[in-house]
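Since the structure comes first, as structure tokens, the remarks are kept for the end.
The values are calculated or read from the model by the stated rules, or taken from the named source; none is laboratory data. Values in this document were obtained by computation on a predicted structure and should not be read as measured data. Cβ placement follows ideal geometry from the backbone for every residue including glycine, while neighbour counts extend to all protein chains displayed. All accessible areas refer to the heavy atoms of the entire protein, side chains included, with ligands and DNA or RNA removed. Shrake-Rupley method; radii C 1.70, N 1.55, O 1.52, S 1.80 Å.
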Amino acid sequence: DALPILYHTSRLTNWTTLNVIPEREIVSAFTKTLHNIILITLLLVALMIACIFLITSLLTRKIRLLANAVRHIDGDCLDFPIEIHTQDEIGALSSQFKAMLNRIRHLLLQVKKEEESKHRAEIAALQFQMNPHFLYNTLNTIKFLSALQGTDNIAKVAEALSSLMHTNMDGRSFIHVE
């Protein structure tokens, strides 16, 4: 076996020293150093992964809160359960989203009021159409009953009023006096 030999000359005494180191010790020291470097590298990589995960988690926390709040919004529930008061983009998104939900709530309420108003107007229009027909039919019934009982003057008045109502329901704006 070849043994590594080291020479060293001292400046002070000018003596040369000779060191003989067995190859096994050099390989053993090298292997220990290599194992230590690998162990330190693995520990540093694990520490870096943990730090990256922690930093990423902290940076995306508000985004995840915002995304979860948005997922809970549906047609019936327009509540926004979180409060994000920051001056960054997430804070701006949160406040704009709240404003949008408030606007949607306002528009839904407005549409509901308009539909109720439209429904009331339709009912009023139906009642307006029904009332003249009801009165016209009632006058015809009075005319028929008075004719049965022989009271011709009541029948003539009911017929005249019925004719006037019928003319009015046709939408004619001018009625002859005769």
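Scanning segment 126-147 for residues being surrounded by 13 or more Cβ atoms within 10 Å (Cβ to Cβ) and within 19 Å of residue 167 (Cβ to Cβ) gives a total of 8.
Those residues that are open to solvent by less than 90 Å² (accessible area, probe 1.4 Å), part of a loop (DSSP other than H, G, I, E, B) and not polar (S, T, N, Q), I need them from segment 72-92; list them, please. Write out each step before concluding.
Of the residues in segment 72-92, the ones open to solvent by less than 90 Å² (accessible area, probe 1.4 Å) are 73-75, 77-78, 80, 82, 84, 86, 88, 90-92.
Subset that is part of a loop (DSSP other than H, G, I, E, B): 73-75, 77-78, 80, 82, 84, 86, 88.
If the condition is that a residue be open to solvent by less than 90 Å² (accessible area, probe 1.4 Å), part of a loop (DSSP other than H, G, I, E, B) and not polar (S, T, N, Q), then 73, 74, 75, 77, 78, 80, 82, 84, 88 are the ones that fit.
With respect to the conditions (1) farther than 30 Å from residue 5 by Cβ; (2) assigned to a helix (DSSP H, G or I); (3) of a type in the set (Phe, Trp, Tyr), residue 30 falls short on a single one, namely (1).
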